């Protein structure tokens, strides 16, 4: 091959090689900071008489991601024309001159068993000082708050939970070294329990229904089977009835509220809001509900719920109830509750008082073997202490 003498040829080619292209890189990462603040609005009825449309009450200041925030609650809404009949709520950025990319979940907490929380979720957005962008003008229909025995008002107060997530970008750093592995982005806060709770509340895709004392509760068979071996056997195993596309199961000897609380724990690993707010032992209804819930948890072998109920009952023992609690523990093989009953009797010199209690006399006539077992264990325990 030939070329004319005056043809142009790049110098690099004449040398027989190509100069390697130098590469620079930089990377940035997103950091998510998430925090919850609980805002208690007290004196709600008097508040309604003192404020008008567009007026708000504000929570204390709380810090998330290096910024100051607060919750603003408008009892009569922000705009009567745009959202008539609604109360409004927002998270506001208080840091002067600041702007932040953030998202917000505002939740009005239900105080009644079986009534779901009301949740308003705002997608990530650029948020500026005092701009009420994170929240909802239609946070809650006021008719749900201003009726007698409202599920969301207790002792003339309501509770709002605000979860703010601030997304921060770390400064990009240049480098002349070969490109590193892709920058690691911080994973968002796990939300599986909240997502499953939403699934239970909306009943989307539900394929099994339970009829209890005239009430019908819908659920998802695969979730129940994953969490309970008894549900698994009933829905997918030898106990399974002929599949007709949607299963219908009647539940006997159980209250609807108890089964509803059982389902909530199966989906979320948490107690149903409102079920235990007053603290175990403060009133008999709370204790009785926990007993029924323990029986349901044992019936369907939901181990986490059995543990929670047993712990709560251990903390609520009294002279009047300790004998009944021991019998309950004996029927459902709850050793921790049995031991707590024995310790309560032997550690407080209350044996004589227990014998005089109505609960003891009732169980003595119905289950004498259980009472014999209780006092044998109590006697052995006392001998151990004295030794």
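Values computed for the structure shown
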read-out: Mean Cα-pair separation over length for the stretch 56-147, i.e. relative contact order, pairs under 8 Å, 6 or more apart, %; value: 28 percent
read-out: Two-site FRET efficiency, residue 320 against residue 156, from Cβ-Cβ distance with R₀ of 41 Å, rounded to 0.05; value: 0.85
read-out: Inter-probe distance in nm under a simple model that places probes 7 Å from Cα toward Cβ, at residue 303 and residue 30; value: 3.7 nm
read-out: Extent along principal axes [Cα atoms of the stretch 30-170; Å; largest to smallest]; value: 51, 32, 24
read-out: Normalised contact order of the stretch 54-107, rounded percent, pairs of Cα under 8 Å and 6 or more residues apart; value: 30 percent
read-out: For 332, 220, order by how many other beta-carbon atoms lie within 10 Å, fewest first; value: 332, 220
read-out: Cβ-derived FRET efficiency at R0 22 Å, residue 195 paired with residue 168, nearest 0.05; value: 0.35
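Computed from the coordinates by the stated procedures, all read-outs in this text should not be read as laboratory data. As the structure is a computational prediction, the values presented were derived from the model and not from experiment. Note that we place each Cβ from the backbone using ideal geometry, even for glycine, and neighbour counts take in every protein chain shown.
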